[in-house]
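Accompanying notes for the structure given below.
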Amino acid sequence: MDPHGFSILDSLRDEFPDVKSVLMDRTALDRYRDLLSGAAQLGIPRFERLTAEEADAARETQQSKLGVEQEKIPAAEVADVLRCVLSYGEYPFLDRG
């Protein structure tokens, strides 16, 4: 979850506009803040096809020069999120406040 990841998601939506992201929003960024580390930056990022929540997280990663390597998120939590997404279409157990 860094500028490059958001750029990939943005590009993917050029071909597949209905693609849904998982753990690519402000809530996930805040939840895993302790996993932040330095992230490579993009020159002038274009996040035209991101949702408002995704774009908010993308801007923060670009401005702070930090990101979360998603492979560092505990596998059990990722599995829970994916089960929720596949069953209910969202992951409401994360505090999305």
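Scanning the stretch 69-97 for residues that are touching a Leu at 6+ places or on another chain (Cβ under 8 Å), assigned to a helix (DSSP H, G or I), at pLDDT 85 or above and surrounded by fewer than 17 Cβ atoms within 10 Å (Cβ to Cβ) yields a count of 2.
May I ask you to verify whether Thr61 is hydroxyl-bearing (Ser, Thr, Tyr), closer than 21 Å to Tyr91 by Cβ, out of contact with any Pro (no Cβ under 6 Å at 6 or more places or on another chain) and in contact (Cβ under 8 Å) with a residue 40 or more places away in the chain? No: the conditions fail for Thr61. Total residues in the stretch 64-87 satisfying the condition of being touching a residue at least 60 places away in the same chain (Cβ under 8 Å) and small (Gly, Ala, Ser): the figure is 1. Filtering the stretch 12-23 to residues that are within 13 Å of Glu54 (Cβ to Cβ) and surrounded by fewer than 21 Cβ atoms within 10 Å (Cβ to Cβ) leaves Leu12, Arg13, Val19, Lys20, Ser21, Val22.
Among the candidates Ser21, Ser37, single out the residue that is more than 18 Å from Glu90 (Cα to Cα) and not aromatic (Phe, Trp, Tyr). If you could, list the steps in order and put the result at the bottom.
Working: Ser21 fails: more than 18 Å from Glu90 (Cα to Cα).
The match here is Ser37.
Check whether at least one residue in the stretch 38-57 is surrounded by 13 or more Cβ atoms within 10 Å (Cβ to Cβ), touching a residue at least 60 places away in the same chain (Cβ under 8 Å) and closer than 22 Å to Arg83 by Cβ, and report yes or no. Checked the stretch 38-57: no residue is surrounded by 13 or more Cβ atoms within 10 Å (Cβ to Cβ), touching a residue at least 60 places away in the same chain (Cβ under 8 Å) and closer than 22 Å to Arg83 by Cβ.
The values are calculated or read from the model by the stated rules, or taken from the named source; none is laboratory data. Computed from a prediction, not measured in an experiment: that's the story for all the values here. Note: ideal-geometry Cβ built from the backbone for every residue, glycine included; neighbour counts use all protein chains shown.
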